[in-house]
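Report on one structure; see the data block that follows.
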Amino acid sequence: MLKDLLKQADTIAIGGHIRPDGDCVGACMGLYHYIRENFADKEAAVYLEEIPEAFKCIKGTEDIRHEVEEKQVYDLFICLDCGAPDRLGFSLPLFEQAKETLCVDHHVSNVKFAKENYIMPDASSTSELVYDLMEKDKISLSAAEALYLGIVHDTGVFQYSCTAPSTFRMAADLLERGVDAPKLIRDTFYVKTYAQNQILGRALMESILFLDGKCIVSYIRKSTMEFYEITPKELDGIVSHLRNTEGIKAAVFMYELETNMYKVSLRSDDEIDVSTIARYYGGGGHRKAAGFTMAGNFYDIINSISAQIELQMRETV
Ligand code: AMP
Ligand code: MN
Ligand code: MN
């Protein structure tokens, strides 16, 4: 599928979802290196919003374009780790104008909006799917590092249940190509700035249990983010800490995008399907990890979400 589409295209744009995470950056950069190194006659470019500082260790990230040039029409737009067109953000016009489009993704909420769609909701990550589509003798160390970043982040360092035997086989293959896994994992996943750790501490300290202690919620106001000089993309990981609380079936983390507008992250154990809740609010994601944006104040939002979680809990008894 990928081979045929690449053969027919001279110019290729690669794009991913807004507020790009490790999998999104990894899949895009992995494919970018793959195309540039093996199809030298083709023009390839990656379009993503500003990426977290820690991911800039991935080679080629300085080439990422953050805005669309006027009148650029690509032969092929490859959309990665993105479940709906509006999640493409600023690169949506390029997608719409491209002659051919391919979407590779693992979100259960994916609406199959491209002409060609390769959607595998059970896959660990989009990076694993991109790897599946690649010819194995054409993957360089630079591409391998990017793809490794993707699987590490979407599996929580091989912890989440989406981690399959195939994920470990892929990781082993990438290691054999020379990826420095301990360094990549530490530098991009575990190391946080002092300010990030402080804000994590606050979020944990101010967290509240609800629904008889089965759920936990915490939130960060815009003023707090400004005080610590933290941007939204630096808040990744806080919701996982909340989920690690004993006895918790669902964790909710919210941060204020603007006054009375929150980005909400949901995480659950296997019992509660949070992607259904996120979809109800116009967002999406996976069964155990999903998100959406919602207007209102903290108390309105958490009351509303609480009712949806209860509904999901009843569905599963
Ligand atoms: P997050 O809580 O932002 O880490 O997101 C968890 C998962 O849900 C990721 O796979 C996201 O791509 C997905 N997701 C988050 N927000 C949205 C949204 N507004 N619409 C669709 N999917 C989302
Ligand atoms: Mn993602
Ligand atoms: Mn992903």
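The values are calculated or read from the model by the stated rules, or taken from the named source; none is laboratory data. Model, not experiment: these values are computed from the prediction. Using ideal geometry, Cβ is built from the backbone for each residue, glycine included, and neighbour counts are taken over all protein chains shown. Each accessible area value is taken on the protein alone, full model and side chains, heavy atoms only, with ligands, DNA and RNA left out. Shrake-Rupley method; radii C 1.70, N 1.55, O 1.52, S 1.80 Å.
Quick one: which of Gly15, Gly22, Gly89, Gly83 is closer than 22 Å to Leu184 by Cβ and among the small types (Gly, Ala, Ser)? Talk me through it step by step, then tell me what you get.
On the way: Gly15 fails: closer than 22 Å to Leu184 by Cβ; Gly89 fails: closer than 22 Å to Leu184 by Cβ; Gly83 fails: closer than 22 Å to Leu184 by Cβ.
Exactly one of Gly15, Gly22, Gly89, Gly83 is closer than 22 Å to Leu184 by Cβ and among the small types (Gly, Ala, Ser), namely Gly22.
Within the range 281-304, track down each residue that is away from ligand 3 (no atom under 15 Å from the Cβ) and open to solvent by less than 50 Å² (accessible area, probe 1.4 Å). Working first, answer last.
We begin by selecting, within the range 281-304, every residue away from ligand 3 (no atom under 15 Å from the Cβ); these are 281-282, 292-304.
Across the range 281-304, the qualifying residues are Tyr281, Phe292, Met294, Gly296, Phe298, Ile301, Ile302, Ser304.
Restricting attention to the range 1-42, which residues are in contact with a strand residue (DSSP E or B) (Cβ under 9 Å, 6 or more places away or on another chain), surrounded by fewer than 18 Cβ atoms within 10 Å (Cβ to Cβ) and not in a helix (DSSP H, G or I)?
Matches in the range 1-42: Met1, Asp10, Thr11, Phe39, Lys42.
Taking the conditions exactly as written (closer than 20 Å to Ile64 by Cβ, in contact with a strand residue (DSSP E or B) (Cβ under 8 Å, 6 or more places away or on another chain) and in a helix (DSSP H, G or I)), does Val152 satisfy them or not?
On the way: closer than 20 Å to Ile64 by Cβ: yes; in contact with a strand residue (DSSP E or B) (Cβ under 8 Å, 6 or more places away or on another chain): no; in a helix (DSSP H, G or I): yes.
When the stated conditions are applied, Val152 does not pass them.
Please go through the range 260-282 and pick out each residue that is out of contact with any Lys or Arg (no Cβ under 9 Å at 6 or more places or on another chain) and part of a loop (DSSP other than H, G, I, E, B).
Scanning the range 260-282 gives Asn260, Tyr281, Gly282.
So Ala278 ticks every box in (1) closer than 21 Å to Pro121 by Cβ; (2) open to solvent by 30 Å² or more (accessible area, probe 1.4 Å) but one. Which box is left unticked?
(2)
Since Gln312 meets every condition but one in (1) within 23 Å of Phe189 (Cβ to Cβ); (2) within 16 Å of ligand 1 (Cβ to nearest atom), which condition does it not meet?
(1)
I need the strands (runs of 3 or more DSSP E) fully contained in the range 189-259, keeping only those with at least 1 residues that are open to solvent by less than 30 Å² (accessible area, probe 1.4 Å), modelled with pLDDT of 95 or more and polar (S, T, N, Q).
Working: elements: 208-210, 215-220, 250-258.
Answer list for the range 189-259: 215-220.
Confirm whether Met261 is in contact with a helix residue (DSSP H, G or I) (Cβ under 9 Å, 6 or more places away or on another chain), under 18 Å from Met225 (Cβ atoms) and in contact (Cβ under 8 Å) with a residue 12 or more places away in the chain.
Working: in contact with a helix residue (DSSP H, G or I) (Cβ under 9 Å, 6 or more places away or on another chain): no; under 18 Å from Met225 (Cβ atoms): yes; in contact (Cβ under 8 Å) with a residue 12 or more places away in the chain: yes.
For Met261, the condition - in contact with a helix residue (DSSP H, G or I) (Cβ under 9 Å, 6 or more places away or on another chain), under 18 Å from Met225 (Cβ atoms) and in contact (Cβ under 8 Å) with a residue 12 or more places away in the chain - is not met.
Can you pull out the residues in the range 258-278 that are more than 17 Å from Pro232 (Cα to Cα) and more than 16 Å from ligand 2 (Cβ to nearest atom)?
Ser268, Asp269, Asp270, Glu271, Ile272, Asp273, Thr276, Ile277 - these are the residues of the range 258-278 that are more than 17 Å from Pro232 (Cα to Cα) and more than 16 Å from ligand 2 (Cβ to nearest atom).
Between a residue in the range 100-127 that is outside the structural domain of His286 (by TED's automatic domain parsing) and any residue that is within 13 Å of ligand 1 (Cβ to nearest atom) and among the aromatic types (Phe, Trp, Tyr), which pairs come within a Cβ distance under 7 Å, given they are 6 or more apart or on different chains?
Note: pairs meeting the criteria are Cys103/Phe113.
Scan Arg19, Arg65 and give me the residue that is of a type in the set (D, E, K, R) and within 17 Å of Asp154 (Cα to Cα).
Details: Arg65 fails: within 17 Å of Asp154 (Cα to Cα).
Step by step, each of Arg19, Arg65 is checked, and only Arg19 is of a type in the set (D, E, K, R) and within 17 Å of Asp154 (Cα to Cα).
Which of (1) part of a helix (DSSP H, G or I); (2) surrounded by 14 or more Cβ atoms within 10 Å (Cβ to Cβ) does Val179 not meet, given it meets every other one?
Result: Val179 passes all but (1).
Restricted to the range 43-72, and to residues that are among the charged types (D, E, K, R) and within 16 Å of ligand 2 (Cβ to nearest atom), which residue is surrounded by the fewest Cβ atoms within 10 Å (Cβ to Cβ)?
If we filter the range 43-72 for residues that are among the charged types (D, E, K, R), which is where we start, we get 43, 49-50, 53, 56, 59, 62-63, 65, 67, 69-71.
Next, from what is left, pick out any that are within 16 Å of ligand 2 (Cβ to nearest atom): 49-50.
Values: Glu49: 18, Glu50: 11.
It comes out as Glu50.
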